Structure formats: C-alpha cells, structure tokens
1. Among (1) buried (at least 17 other Cβ atoms within 10 Å of the Cβ); (2) within 25 Å of residue 59 (Cβ to Cβ); (3) touching a residue at least 60 places away in the same chain (Cβ under 8 Å), where does residue 106 come up short?
2. Can you confirm whether residue 112 is assigned to a helix (DSSP H, G or I), closer than 23 Å to residue 171 by Cβ and at pLDDT 85 or above?
3. Looking at the range 142-158, is at least one residue farther than 20 Å from residue 8 by Cβ, outside any helix (DSSP H, G or I) and in contact with a helix residue (DSSP H, G or I) (Cβ under 7 Å, 6 or more places away or on another chain)?
4. From 82, 90, 58, 48, grab the single residue that is within 29 Å of residue 120 (Cβ to Cβ) and in contact (Cβ under 8 Å) with a residue 40 or more places away in the chain.
5. Starting from the range 142-171, keep only residues that are free of Cβ contacts under 8 Å to residues at least 12 places away in the same chain, then list their pairs with residues that are in a helix (DSSP H, G or I) whose Cβ atoms are within a distance under 6 Å, requiring at least 6 positions of separation or different chains.
6. Does residue 118 fit the bill of being part of a helix (DSSP H, G or I) and in the same structural domain as residue 55 (by TED's automatic domain parsing)?
7. Looking at 145, 83 in this structure, which one is at positive phi and in the same structural domain as residue 52 (by TED's automatic domain parsing)?
C-alpha cells in the first residue's frame, strides 16, 4: 500500500511495487494479475464492482439497471462488504490520504469499464451518473442511515432506483 499511498493509484506501477517488496515484477503479476487486482486485494475489497458491473451490462442490458442496483444492495447486506464499503466511501469523501487512491481506482478501473459497455458518445458521463447514484444510495442507506432508505426492502429499492440507472445507461 506504500507505493499507492506515495504515488497515488495512477502513479503506482507494478514494477515499483515489486521493487519495494524486494521481488521480481513477474512474481507480482503472477499472483495478482493486474494493478487493479493488486489494489483490490491490498485494500481488502470483498467484492469487485469493476468486474461485476461490466459483466452485468454484457449479459442482459435490457434490465441491467435493476440488476446493478440488486448486486450493490445484496452485496451490502453482507456485513464484511458493508463494513469495508462504508469505510471506502467515507475515505473517498473525506479527501484524506487514501481518498485519492479510491478515486483513482474508480476513475481508472470502474468507470471506463462501464463506459466501454455503452454504445453512446456520452458514455463517460453515463457511467459517472450511475456511480453517483449508487454512491448516493449507499451513503443514504448505510452511512447516514436515512430511515426511509435504511428500512426499505431491497426489492423496493431495486424497483424504484433500477429504472433510473437504466435510463442513465441507455436512455
């Protein structure tokens, strides 16, 4: 995490991370694959939206909005995901040392992968709108715990928020 902390997500390289660990870069690539995989492992991400959300978009785009919302909400029903996810969001919002790391990961790994699945000239904006809606959902339900949002069922939130996500993606 030192290399990420020192140089940010974009500035950290697999080669520098390997050198800092005193191992060959090929070994790091062998065990972690990509910088995104390594960062997710080091940061302790229990789920990988950068992999899951694009897969949802590829599988059945017709109801992707609802399935993305369901994926997020059901993931956050798991205590390990909720604890880590809330911490990651608070960190990103606070702007402290690791906030730029999370922002870098999202901007480099998640948003472009969503945008790549969209056939639209404004795909980057659409992906960012989806991320902002999902972040707002998580903040309202799990960080500030607004009663109506915190008490609503997963199915109700999927039914209400899914169409908005769908419109952001394909509308």
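1. (3)
2. Taking the combined requirement at face value, the residue satisfies it.
3. Yes, the conditions are met somewhere in the range 142-158.
4. Only one candidate qualifies: 58.
5. Hits for this filter: 146/140; 150/141.
6. Criteria not met by residue 118.
7. Of 145, 83, the one residue that is at positive phi and in the same structural domain as residue 52 (by TED's automatic domain parsing) is 145.
Conditions (1) assigned by TED's automatic domain parsing to the domain that holds residue 105; (2) exposed (fewer than 13 other Cβ atoms within 10 Å of the Cβ), marked per residue:
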site: 11; (1), (2): no, yes
site: 17; (1), (2): no, no
site: 22; (1), (2): no, yes
site: 30; (1), (2): no, yes
site: 63; (1), (2): yes, no
site: 68; (1), (2): yes, no
site: 72; (1), (2): yes, no
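The values are calculated or read from the model by the stated rules, or taken from the named source; none is laboratory data. Fair warning: this is a prediction, and the values are worked out from it, not measured in the lab. Here Cβ is always computed from backbone atoms with ideal geometry, including for glycine, and neighbour counts include all displayed protein chains.
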